[in-house]
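Report on the following structure.
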Amino acid sequence: ITTFAFTSSASAYVPDDRWSTTASGSTGSQGDIATITWSLVADGTSIVSEGSSNLISYMDGLFGSSGGGNLTTRPWFSLFQDSFDRWTELGGIKFVYEPNDNGVQMGGNTAGLLGVRGDIRIGGATIDGANGTLAYTYLPNNGDMVIDTGETTFYSNSTNNYRQLRN
């Protein structure tokens, strides 16, 4: 007989926790469409408990780095943009790419600011290597996301236009 004991509950879905303020202002009442910006942090940006972000070089290694300093012209950028566009279409939230990110530490309680950084800041670091944590994110009003750049086989799977990465 196997017995399981849970010391605390997991927060896989938090129905009453929503963005109240974003870089675009107040999100209004529940049911109102909120505008949430997202940005990609530069390599070297500090991530609480993880070290420095290496997401840009990781993605360049998987997909190529043509496009120069403008991330929107990189071969892999459209995978992120397509995901946010689809979530906008289905979710009642308008996601807008913020091309700037000022490099403040991720994982703190730093709000998004138009022209400075996104509400959701995406970075990457090796969290636990292959076959473990794929990514994690913080709850609103700090939506920073860290992608495990040790998951190369998972994220480079091209099936269904890289669905594993886009999901």
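Restricting attention to the range 32-43, and to residues there that are in contact (Cβ under 8 Å) with a residue 40 or more places away in the chain and open to solvent by 50 Å² or more (accessible area, probe 1.4 Å), which single residue is nearest to the chain's Cα centre (by Cα)?
Of the range 32-43, the ones in contact (Cβ under 8 Å) with a residue 40 or more places away in the chain are 33-42.
Adding the requirement that they be open to solvent by 50 Å² or more (accessible area, probe 1.4 Å) leaves 33, 42.
Details: Ile33: 20, Ala42: 13 Å.
Taking the candidates together, the pick is Ala42.
Taking interchain pairs and intrachain pairs at least six residues apart, which have beta carbon atoms under 6 angstrom, with the first residue in the range 66-84 and in contact (Cβ under 8 Å) with a residue 40 or more places away in the chain and the second open to solvent by 20 Å² or more (accessible area, probe 1.4 Å) and among the basic types (Lys, Arg)? Here the result reads Leu79/Arg166; Ser83/Arg166, each pair linking the range 66-84 to a residue that is open to solvent by 20 Å² or more (accessible area, probe 1.4 Å) and among the basic types (Lys, Arg).
Number of residues in the range 74-107 that are open to solvent by 40 Å² or more (accessible area, probe 1.4 Å) and closer than 22 Å to Thr152 by Cα equals 4. Of all residues in the range 141-151, exactly one satisfies the criterion of being open to solvent by less than 40 Å² (accessible area, probe 1.4 Å), farther than 15 Å from Leu55 by Cα and either of a type in the set (Gly, Ala, Ser) or in contact (Cβ under 8 Å) with a residue 60 or more places away in the chain (or both), namely Gly143.
In the range 108-139, the qualifying residues are those that are more than 16 Å from Ser39 (Cβ to Cβ) and touching a residue at least 24 places away in the same chain (Cβ under 8 Å), and the one that is most open to solvent (accessible area, probe 1.4 Å) is Asn109.
The values are calculated or read from the model by the stated rules, or taken from the named source; none is laboratory data. These numbers were taken from a predicted model, which means no experiment stands behind them. FYI the Cβ positions are ideal-geometry reconstructions off the backbone, even for glycines, and counts take in every protein chain you see. What goes into the accessible areas is simple: the full protein's heavy atoms, side chains included, and nothing from ligands, DNA or RNA. Shrake-Rupley method; radii C 1.70, N 1.55, O 1.52, S 1.80 Å.
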